[in-house]
1. Given the pairs A:LYS283/A:LYS425; B:LYS20/B:LYS107; A:LYS47/A:LYS259; B:LYS299/B:LYS425; B:LYS107/B:LYS409; A:LYS272/A:LYS299, which span a C-alpha to C-alpha distance of over 32 angstrom in this model?
2. Roughly how large is the B-A contact in terms of buried accessible area, totalled over both chains, probe 1.4 Å, nearest 100 Å²?
3. Mind checking the mean number of beta-carbon atoms from other chains within 10 Å of the Cβ atoms in B:330-337?
4. What translational diffusion coefficient, in µm²/s and rounded to a whole number, does the Stokes-Einstein relation yield for chain A at 10 °C and a viscosity of 1.306 mPa s, taking the hydrodynamic radius as the Kirkwood radius over Cα pairs?
5. Let me know the mean shielding of B:135-145 by other chains, meaning the per-residue number of their Cβ atoms within 10 Å of its Cβ.
6. Check A:PHE290: other-chain or 5+ apart residues with amide H under 5 Å from its amide H, H built from backbone geometry?
7. Once all Cα-Cα distances of the range B:97-247 are split into 10 Å bins that start at 0, what whole-number percent is in each one?
8. What is the diffusion coefficient of the range A:113-177 in µm²/s, taking the Kirkwood radius over Cα pairs and the Stokes-Einstein relation at 37 °C with a viscosity of 0.692 mPa s?
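The values are calculated or read from the model by the stated rules, or taken from the named source; none is laboratory data. Please read these numbers as outputs of a predicted model, since none were measured by experiment. Every residue, glycine as well, gets a Cβ built from its backbone with ideal geometry; the counts of neighbours run over all protein chains shown. Only protein heavy atoms, including side chains, enter the accessible area calculation; ligands, DNA and RNA are left aside. Shrake-Rupley method; radii C 1.70, N 1.55, O 1.52, S 1.80 Å.
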Protein chains: 2
Amino acid sequence: MASQVDSHPELTPGEQLAVKWYPPAYDIRVESVPIPTIQHRDDAIVKVKLAGLCGSDLHIYRGHGGFQDPLIFGHEFIGEVISLGESFTPNATDRPSLYPTLKVGDKVVSAFTSSCGECHFCRVGFTSRCVHCLLFGIPILPGGQAQYVRVPKAGGTLFAITGPLTTISEPSLVLLADILPTGIYAALQVLQHPKIAPVITGVAYPFSGWTPLARLEGVGQLEVGDRELVLAVVGLGPVGVCATIALLDMLASTNLSYKVIAIDPNESRRLKMQAIYEGMEEKYKANGQFKVEAIEEGKKVVEGWTNSLGCNAVLEIVGNNSALTLALSLVRPFGLISSVGVHQAPPLPFTGRECYNKNVSFDFGRCPVRSLLPVALDLMKRREDVFGAASGTGGGEAEVGGTRSLVDKIVPIGEAKKYYEMFDKGECGKVLFDPWV
Amino acid sequence: MASQVDSHPELTPGEQLAVKWYPPAYDIRVESVPIPTIQHRDDAIVKVKLAGLCGSDLHIYRGHGGFQDPLIFGHEFIGEVISLGESFTPNATDRPSLYPTLKVGDKVVSAFTSSCGECHFCRVGFTSRCVHCLLFGIPILPGGQAQYVRVPKAGGTLFAITGPLTTISEPSLVLLADILPTGIYAALQVLQHPKIAPVITGVAYPFSGWTPLARLEGVGQLEVGDRELVLAVVGLGPVGVCATIALLDMLASTNLSYKVIAIDPNESRRLKMQAIYEGMEEKYKANGQFKVEAIEEGKKVVEGWTNSLGCNAVLEIVGNNSALTLALSLVRPFGLISSVGVHQAPPLPFTGRECYNKNVSFDFGRCPVRSLLPVALDLMKRREDVFGAASGTGGGEAEVGGTRSLVDKIVPIGEAKKYYEMFDKGECGKVLFDPWV
């Protein structure tokens, strides 16, 4: 079931180019490695068209990932199926829908972790903790910053780009592998949380959301002044920008009154966020205020907006303890910290007493991308005002690298070392590697 | 508006008996102190009938509360209003309902923290973080282990026991001040949480609960096997027992299939929990399994029940790092830790990576008792099979100190020192002080 495997003219047949990381840290080499092959009947081999460099790659790059062995980087990629395992057969109608339908030559985007689509976690929608879950770009699962990549449990992991979806630009599709779903996840955790439910529903706790309790008399109804939602996004890297876009989009759909502040110390990131916001259609901004600020200025804005009560919730999209500490300082009592940053070895920077005294809730962890991919695609299709300009969905400016673009550059894979260095220093935004130029 | 103030025959007029704690730790003295008086127009003075000794008192008792000054202990009390500030007038119809209605001589139970009933937090139902919130039993707000207690913001803080409620036994009423609402809070945080929503609603994430997202096609429906809820309660002190009772009651009302394990290393606590469960009417147990185990046995039960996936959620009702560590070890990925224990100065015992890797959610903090008091009262009235026997609601055994009783002993306030020592060592269960014998 395999189509032709292309090798780079300067490589030995059967070899490909890949971005390798060597321990202990900061050591990136673009090398020739064997082209992967089917190892299990549920595998697919994908010929990579574009692969993203992600903020969470930096944890490994800096040596904080705990890895002792070299690895091939990359957990965001799109491409074309060139080979499928035996499980892909029209008879496999009792399995996830790609097993009977996916064909060699199909265009696909992969979630940044593999997921079987068949275990308890996958069935419930928590695909990022599938019992077979593996992150692409670790020693036991080589990543997609390469010409070819092996995708395990491919019928559960991949998403086929067919029909009208094929008009979406390739840079935009790469955003579906991680950063846009992760941004949606951060925002959705806030708006679905019971601590936020009184504001959403206008009913006081404990009858503010679904409850197994019998409804008692005298349940408080909230007045308008108590129903304004004040939220902060900490971190405006590519995921933080996506989280802000998703949050504002969801808020616009609710008719809630809101104030959102997005905070980042990096001026170029703030300018990007501001430009994207300014490009949004007015109907998506009607019920709220939005500001972009550096850290100290952001704290003052929250104080002013809330009479020093603090935010209802903070979206923490950085993944270190200074971001968590800032989040706790910004959130009000009975508030929520929705943390999608990839955290590392240090202990959490909070005492139990601080958490108790603020009645704070936390949501930690990895986005179930495969479950949220259709939602992300829906957002991308609906919001031409953002994604047209930001990464080229077809209409709009379609300009990679523009002021409002979520993708800053598409560069040859051979320049990976340089762009890792620049990204690490905050000197560039979202970069995609083209493995074929 | 004040009625007669009774002084103990052996005390100077204007003086009363109170349980005082002296720093640094373990120093309890029952002393004569001045009877409190109205200090603010929203105050009430309550003549205490019974006052509870609570597990969270032990944090202060052991010197972990951070207090440098002596204090009068006690945040659970019931009694009779003997004096009211000027705010209590029939004209105060624009304020919380007790301001125009409460009278000298009325029987009241107090929430364990004061709350105004008028600020943003109170209106939303998060009364335990009222902007005027004070815990009873700290240096600036003397507690209720005394003959009299001053209640600030009394029109928001107190709950009047009138009409049919007057048939509820006084020991039961004391449970409404803290431990029963706190147990309900721990359980409700679990059942209202979005991580649990797929099991509750039978719909896969992200459409498992309320969402601002437009519903997309192909939303997964859960099969029966994915809808079993496996929950653990860590800690079977009086609050843990109340949490277990509340949790089982709520689960019975949902028709969900469930397995609940309650874990405590203390055998006498396990026996109490088991006896209360065995006394429950069968209709409240029909859909689930329930076990009570020590720690290591409990871990094995969870492994067996879940094929080593872990619990959907853990109710942490202890308030120290070993309980939190046990909770994290018991919970499955995408699980929740509902922590109502009063935590102290140590940092949380988790790394960011552990939290990320398990996609764990936490809810920390103090129960908003005043908001949950009507719910607790409803539970108490409905569940004669538990509360009749457990603390004497009127019917049933009404036997304080019985095998199934939530209240073990009512003792003279003069014996406070001895009972603090015993409670600290786990040698007695829930003790109430009678300040008048």
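1. Numbers: A:LYS283/A:LYS425 36 Å; B:LYS20/B:LYS107 25 Å; A:LYS47/A:LYS259 44 Å; B:LYS299/B:LYS425 24 Å; B:LYS107/B:LYS409 22 Å; A:LYS272/A:LYS299 20 Å.
Beyond 32 Å: A:LYS283/A:LYS425; A:LYS47/A:LYS259.
2. Values: alone 18370 and 18370 Å², together 30180 Å².
That pair hides around 6600 Å² of surface in total.
3. On the way: counts 0, 0, 4, 9, 11, 2, 2, 1.
Mean shielding count: 4.
4. Working: Rh = 22.5 Å.
Taking Rh from Cα pairs, D becomes 71 µm²/s.
5. Working: counts 0, 0, 0, 0, 0, 0, 0, 0, 0, 0, 0.
Mean shielding by partner chains, rounded to a whole number: 0.
6. Amide H to amide H, under 5 Å and 5 or more residues apart or across chains, A:PHE290 pairs with A:VAL260.
7. Result, from short to long distances: 10, 27, 29, 19, 12, 4, 0 percent.
8. Details: Rh = 13.0 Å.
Estimated diffusion coefficient is 253 µm²/s.
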